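Heads up, the thing below is written out as structure tokens.
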Amino acid sequence: MRARVLFFGILKDAVGRSSEEAEFPPGSSLRYVLDSYAQRYPRVKDIASSVLVARNQSFSDLSAGVEEGDEIALLPPVSGGAFAPARIAEDGSYYELTRRPIDVRTVAARLMTGAEGAVVTFEGTARNNTAGRPTRFLDYESYEPMALKLMARIGQEVAAGREIGRLAIVHRLGRLLIGETSVAIVVTAPHRRPAFEAALDAIDRLKKTVPIWKKEHFADGEIWAEGEWDYDAAR
């Protein structure tokens, strides 16, 4: 039984490639897939307990079976192509992955209808150090189709029960220099409090549920930033 397996972040480094076509015995489960790589690669084994698995771009329990032609992604804990996928919701909210600098004013302008009394923006930026260790630049990568789906889901969940207008989540991929914006959250609303609450909720959810990874480059080496999954949200 043949399936395509994708590797991200530290797992990509561990196996030495970003994807492969692999054969698995009939009746194999996702746990079998993960265990097979853990047995072959010590670095995979070291973090296997914190790896989540997606089957065909959706989180899946390890007990789920593998079928012919599946796309299986092994996803290490999230840390907080030359195309820019985007998704626009029916209410005008906007979600995007881009390899270009993020222009927050432009993002905010596309959300506004004239009915808003507040526009709240949050920008996450590349800082120049980690625990005092000077950082030269950052590289971001993502499981892009799945990331966009989850960004849109976060927007829907954040808006539910709150009096807001529209919401945008834009995340930068590729190489970022110090001071550049890595992620922007923009929320419009009639009043400021729900806009602030929605922006904070959105960035907190994004950091723990969306498959985006960050590699930090220093003068004396590089490392994938440590992170954590929100396992309850993934389930």
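Only the coordinates and a few stated rules stand behind these numbers; no lab work does. Because the structure is predicted, anything quoted here is derived from the model rather than measured. Cβ atoms come from the backbone with ideal geometry, glycine included; neighbour counts cover every protein chain shown.
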**Message:** For the condition basic (Lys, Arg), over 17 Å from the mean Cα position of the chain (by Cα) and not in a helix (DSSP H, G or I), what is the one hit in Arg87, Arg127?
**Reply:** Arg127
**Complete:** Scanning the range 56-69 residue by residue, those in contact with a Leu (Cβ under 9 Å, 6 or more places away or on another chain) and not aliphatic (A, V, I, L, M) turn out to be Phe59, Ser60, Asp61, Ser63, Gly65
**Request:** For the range 109-124, indicate whether the set of residues that are in contact with a Pro (Cβ under 7 Å, 6 or more places away or on another chain), in a loop (DSSP other than H, G, I, E, B) and buried (at least 17 other Cβ atoms within 10 Å of the Cβ) is non-empty.
**Result:** yes
